Amino acid sequence: MRAASPGAARAGRALPLVAAALVLVLMLLVIVRLPWAGDLGMHAATVQRLRHSPLHPGNPLVDADTPSPYYSPWMLLLGCLARLTGLSVFDVLRVGAVVGLGLLATGVWRYVRTLSGHRAAPALAFLSLVFLWGPLLFDWSGFLGLNSLALTVSYPSVLALGLSFHFWAWLGRALRTGAGWGGWLGLGALWALILLCHQFTGVVASLGALATVIAARPDRPRAVRLGAAAACGLVLLWVWPYYDFFALFSAGAGLEAIHRPLYGHLAARFGLVLLGVAALGARWRRDRRDPLVLFFLLGVLVFAAGGLSGHYSWGRALPAALIPAQLAAALEAVSAGRRAVRAGWACALGAALLVGAWTQVGTLGYVTGRDALPGVVAAKYRAPWAGYHWITPWVGYGDVVMARTMASRQIPAYGAYTVAPGYPDVFLPSAGVRGEAVRRYFSAGAGAESGTGAESGAGVGVGASGRWGVLREYGVRWVVGGRGDAEPWLRRVAGGPGGQVLYAVR
């Protein structure tokens with residue numbers, strides 16, 4: 001078979017590099033716009049509290065003195081940056097997004113270089129991580145699909161994933177070539193940092209590290225130093241002052257319901273990853289202790305155990321199965337046996353990446369806006385949330401606002417508190433009582449908000465005195481509701497998107 005020409009070979013290497021560079025440029029432009037969806041309000045609120053009180057921030061969402069697992073070393077750094085520079089919370093999150101994206105890109109490059117010396121391998125791996133998913137769009141923190149990454153790039157989960165790739169590369173090198181005591185203790189500190197910044201990604205990082213260790217079969221001296229690294233990490237987790245990390249192991253019951261959807265539509269969301277599973281099979285035939293195969297098996301084991309036992313929060317370990325499969329698909333295209341075999345893998349991978357890219361092409365709208373997109377692309381665009389900046393001329397920092405769940409997920413980003421947290425809070429004992437108080441308040445015939453995703457009142461209606469008592473109990477100064485929520489004790493102050501109204505409590 002005639003060898004490929006040098007020009008064709010160079011083009012084959014350059015194409016993935018150019019495509020990966022374009023994806024990174026797209027993500028930088030997305031960061032400028034910083035589309036709002038999901039947990040952005042929680043992270044913005046966390047920065048708000050740390051900016052105003054770095055040592056005793058209190059609960060990030062409600063006016064209560066409780067710890068929070070969101071107070072990580074990374075968010076503390078961002079809060080101090082906001083405090084020292086005077087930058088807005090959202091500008092600080094943009095800075096964090098750039099750092100997280102940089103760590104992710106360089107981490108993927110470093111880790112993949114430990115698996116393959118081919119120049120195109122890191123770029124192909126990065127493209128597989130963002131495009132090799134499925135025909136059904138899927139967005140979740142800690143999952144690296146392009147659309148998901150666009151919405152979560154400022155989250156601690158992206159930073160933690162970037163650190164995880166660096167962690168695996170560093171650990172693999174230490175196991176192969178050795179390292180001094182300082183290097184091993186640094187590995188333990190990095191492991192603890194990942195777990196503190198994003199606990200679920202910390203589980204993924206731990207499974208990847210375990211696979212690396214099993215594959216390396218370290219000798220006794222390295223095993224001793226590895227144990228010291230683990231002990232160092234555990235000590236740092238124990239002494240972290242902002243929340244009790246180990247208390248999270250007994251707090252999972254409140255998280256199962258929101259994670260159950262992770263176990264639905266698996267083929268539609270992740271079907272393209274089957275190409276990577278086939279690549280893992282090829283790697284396993286060549287090496288029974290291949291680290292990517294072991295990583296994948298550990299991830300599948302934890303994910304399946306969560307589904308079978310009803311611990312659906314364990315589903316957040318799914319990236320531990322997806323990442324090695326995605327990387328394996330990329331690596332087979334450049335390192336599988338004969339040239340004809342590599343060409344076949346490259347063609348299959350190219351087709352899968354195109355399907356994945358088309359599924360997520362609506363991400364372009366976060367840069368251009370929906371109106372600038374062609375019709376077929378605009379149909380794939382998911383509009384971000386509008387935000388609640390419109391209440392800020394009146395609602396001050398620390399004011400308490402009565403609002404339904406969707407509004408409660410955004411209002412604390414601007415410095416105010418809500419009566420009930422918009423997200424599950426395992427360290428807030430009164431979370432259930434507060435949620436019931438909000439349901440009681442809005443259940444007495446109040447009109448539903450138009451276009452806000454508000455819940456219909458499911459509780460038992462209460463009289464005017466009872467509703468006024470709820471406002472007094474929680475020190476509520478403002479109510480965000482619909483036009484039908486007007487009451488004699490409320491004064492209309494401003495209107496917002498979707499028929500929402502800001503009321504002042506008289």
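The values are calculated or read from the model by the stated rules, or taken from the named source; none is laboratory data. This is a predicted model, so every value here is computed, not measured. Methodologically, a virtual Cβ is constructed for each residue, glycine included, from the backbone with ideal geometry; neighbour enumeration extends over all protein chains shown. These area figures cover heavy atoms from the full protein model, side chains too; ligands, DNA and RNA do not enter into them. Shrake-Rupley method; radii C 1.70, N 1.55, O 1.52, S 1.80 Å.
Simple spin-label estimate for ALA348 and LEU308 gives 2.8 nm between the two label positions (7 Å along the Cα-to-Cβ direction from each Cα). Residue ranges 389-400, 157-168 sort as 157-168, 389-400 when ordered by packing (mean number of other C-beta atoms within 10 Å per residue, highest first). Principal-axis analysis of the Cα atoms of the chain puts helix 89-113 at an angle of about 20° to the longest axis. What is the angle, in °, between the Cα long axis of helix 40-52 and the longest principal axis of the Cα atoms in the chain? Nearest 10 is fine, range 0 to 90. The angle comes out at about 70 degrees.
Surface composition of the chain: carbon plus sulfur atoms hold 64% of the accessible area, using a 1.4 angstrom probe and ignoring ligands, DNA and RNA.
Annotation for region 41-103 versus region 262-311: alpha-carbon center distance of 35 Å. Between LEU234 and ALA257, the simple spin-label model (points 7 angstrom out along Cα→Cβ) gives 3.5 nm.
Normalised by the number of residues in the chain, the average gap of Cα pairs under 8 Å and 6 or more apart makes the relative contact order 16 percent. Amide hydrogen proximity for TYR417: with H placed 1.01 Å from N in the peptide plane, the residues at 5 or more positions away or on another chain lying under 5 Å are GLY398, ASP399, VAL400, VAL401.
Compared with the dominant principal axis of the Cα atoms in the chain, helix 73-85 is inclined by about 60°. Among 473-482, 410-419, 78-87, 214-223, sorting by the average number of other beta carbon atoms lying within 10 angstrom of each residue, highest first, gives 410-419, 473-482, 78-87, 214-223.
Comparing ALA330, TYR417, TYR388 along the charge dipole axis of the chain, the residue lying farthest to the positive side is ALA330, per the Cβ-charge model. Under the convention that each Lys and Arg Cβ holds +1 and each Asp and Glu Cβ holds -1, the size of the dipole of the chain around its Cα centre is about 1660 debye.
Note on the chain: dipole from Cβ charges, positive end direction compared against SER309, ALA340, GLY145; the farthest Cα belongs to ALA340. Highest mean packing comes first when the peptides 323-329, 499-505 are listed by Cβ atoms within 10 Å, giving 323-329, 499-505.
Here the dipole of region 254-316 is about 220 debye; that uses its Cα centre as origin and unit charges on the Cβ of Lys and Arg (positive) and Asp and Glu (negative).
Once you order the gyration tensor axes a ≥ b ≥ c over the Cα atoms, which shape class does the chain get: rounded for a/c under 1.5, otherwise prolate or oblate by comparing a/b with b/c? Prolate shape, in that a/c is at least 1.5 and a/b is the bigger ratio. Sort region 255-299 into rounded, prolate or oblate with this rule: let a ≥ b ≥ c be the square roots of the eigenvalues of the Cα gyration tensor; rounded if a/c is under 1.5, and if a/c is not under 1.5, prolate when a/b is larger than b/c, oblate otherwise. Note, shape of region 255-299 comes out oblate.
Entry comment: accessible area of the chain is 42 Å² per residue, from protein heavy atoms only and a probe of 1.4 Å. For region 169-328, report the % of Cα-Cα distances exceeding 22 Å. Considering region 169-328, 49 percent of its Cα-Cα pairs are separated by more than 22 Å.
Separation of region 388-442 from region 111-126 is 45 Å, based on Cα centroids.
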